[in-house]
Every structure is written in structure tokens, then in C-alpha cells.
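Taking it in order: structure first as C-alpha cells, then the write-up.
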Amino acid sequence: MNNEDIRGLTWWAREKVRGFMTGNHKSPDFGFSLDFAQHRAYVPGDSPKYIDWAVVARQDKFLTKQFEAESNLRAYFVLDSSASMFTPKDCSKWMKAVQLIALSATLLQKQRDAIGLLELRNKSAHFFQAKSTHDSIEQLLFHIKGKEASNAENGLLVEELIKLLETIPKKSQVILFTDVFHEYSSAIINALGLLKHFGHDVTVGILYSESFELIPGAYAGSLVKDKEAEVKTFIDVSLNQDLSTYVAAQLEYFKNELGKVGVKSLSLNTDDEIMVSFFKLLS
């Protein structure tokens, strides 16, 4: 995603959110008042002046001081940028997720909330610590690396979700955008349950395309490219039938299993107009 894309998406999100009411709310935030709240692990981008050097001397660990402030949310968006998220080509799940992040971040910024990002791409994670500065949205979108599919592994998602327990403040909001194509679904659900158990507000937006993934035969005979195998193949009716059955079953599975660990889940259809999905996310 280049600078022109970022400016265009930022402007689009601001126009969409313009006039949207943002009520006052009181929620846990960690700002710069005089009341010490807790330590957390130092991550690149943190101000060095808040490192607790006494702890560094005693434990040889870099920890940052956090201070209690009465204000707003700290929201962390987790973006799955694996290959399956870049389908269907004409309206990909990934682009829909990026648009929802831009809209949500714009609304949160209007409330002076802090926004952060964890993106999983090419077997590595890119973390952006939550900030509430005037250019937070542009900085956050800048950390979204591009429009090409990656080979991010499910195991990486599990690992990075657990790492959030050490890198984000208590009682943060975590919003994961992903789809149903995971090799380690139960491990991902357990990791999300851990975040919930330790006091975070966790929501999962599960993206799918009804026209591409749920209607049997909709794309029968279409020529598609396997982004990982780098080969092209035609979709036959039986393959498309298997896909729709699998996606429907997985949507139900994630809904039920996430509910068991207290995590909210939303099924977001990429065929819907973006504001329909956005209002569903807000609700």
C-alpha cells in the first residue's frame, strides 16, 4: 500500500464516518497522569523516557512504565494477511478488512482513543503500538505492507496473539480480522480465549464471500490461480460444492467455539455494502 493509497483510504474513511455520533464513554486507558498503573514489555516505538531503568538493572529486562488515565479505549486491530484473505479477486476479504480497520480507526480517533495494529505477513509479524496522535490512522495504515498475498502461517497467528498478553495494556480491545481457512483453528480460539481471560475485550470479524464461497456452483468453470502453488486450475462443480460446505461448517464452528471462551464473533460477508459490515461491527 503506497502513500497515495493511504491518503485515499484515509479520506474515504473520514467521509464515511463524518457526522457519525461519538458519545462520551469511560474506559480503561493508559496515558500520562501521575498515577502509576503497571509495567509492560518495551516494544519498538515506545518512548525511552518511560523505561524503568531500575527494573532493567535488577532483572535485565526492558520494561515500560504505564500510568492510569481516565479517558478512552486502546484498540488493537489484528489483520490476517495470508493468501486466502486475498480472495475473491474482485472484492477480497483482505481489502474489506482494511476498509473496516480504516473506518473503525477513524471513529476511534474522533473519540481520542488510541489505535494499534498487528499484521501477520510472510512468516513475520508487524506490530504498531497504540497511539492517539492526529496522524495515528496514516501511521497505522502505513504499517499495512501491501496488496499482495502472503504465506503467513497459522502457527504465527497463535504465537503473536499470545505475545499480545505481554505487549498491550490491560483491558485493551482486540479486534481480529480473518477468515475460516486455518490449520490450527482450536489453537487460535484458545489464544483468543486467553486474551479474554486476562481482561481484554476480544472480537473476531470472520470474513467470507457468500457469492464465491457459499453458493454451490457459482464459480464452476472459472479459471483461478493458486497463490501459494503458483498454478492455475478450473473450478469444477464438485470442488465448489465442497468449498461451500466447508465454509458454512467453519463459520458455525468458529461462532460456537469462540462463544464458549467468551469471545464475540461476527460473520462479515464481503458481498455486503461496507457500511452494513461496519454497523454490524459497532453493534
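Taking every residue in segment 123-139 that is assigned by TED's automatic domain parsing to the domain that holds THR10 and part of a helix (DSSP H, G or I) and pairing it with any residue that is among the aromatic types (Phe, Trp, Tyr) and crowded, with 16+ Cβ neighbours inside 10 Å, at least 6 positions away or on another chain, the pairs with Cβ-Cβ distances below 8 Å are GLN139/PHE128.
Tell me which residues, restricted to segment 88-122, are assigned to a loop (DSSP other than H, G, I, E, B), at pLDDT below 90 and surrounded by fewer than 21 Cβ atoms within 10 Å (Cβ to Cβ). Hits for segment 88-122 are PRO88, GLN111, ARG112, ASN122.
Of all residues in segment 85-98, those that are over 14 Å from ASN269 (Cβ atoms) have Cβ atoms under 7 Å from Cβ atoms of residues that are outside any helix (DSSP H, G or I), 6 or more apart or on another chain, in MET85/SER92; MET85/ASP179; PHE86/SER92; PHE86/ALA149; PHE86/LYS227; TRP94/SER81; VAL98/ILE144. When the residues of segment 76-87 are filtered to those that are over 18 Å from PHE212 (Cβ atoms) and aliphatic (A, V, I, L, M), the one that is surrounded by the most Cβ atoms within 10 Å (Cβ to Cβ) is VAL78.
Selection over segment 130-165 of residues that are within 17 Å of LEU73 (Cα to Cα), modelled with pLDDT of 85 or more and surrounded by 19 or more Cβ atoms within 10 Å (Cβ to Cβ) gives a count of 2. Checking every residue in segment 69-81 against the condition of being more than 17 Å from GLN38 (Cβ to Cβ), in a helix (DSSP H, G or I) and either modelled with pLDDT of 85 or more or among the hydrophobic types (A, V, I, L, M, F, W, C) (or both) gives zero matches.
The values are calculated or read from the model by the stated rules, or taken from the named source; none is laboratory data. Given the structure is predicted, the values throughout are model-derived calculations rather than measurements. Neighbour counts are summed over all protein chains in view; Cβ atoms, including those assigned to glycine, are modelled from backbone coordinates with ideal geometry.
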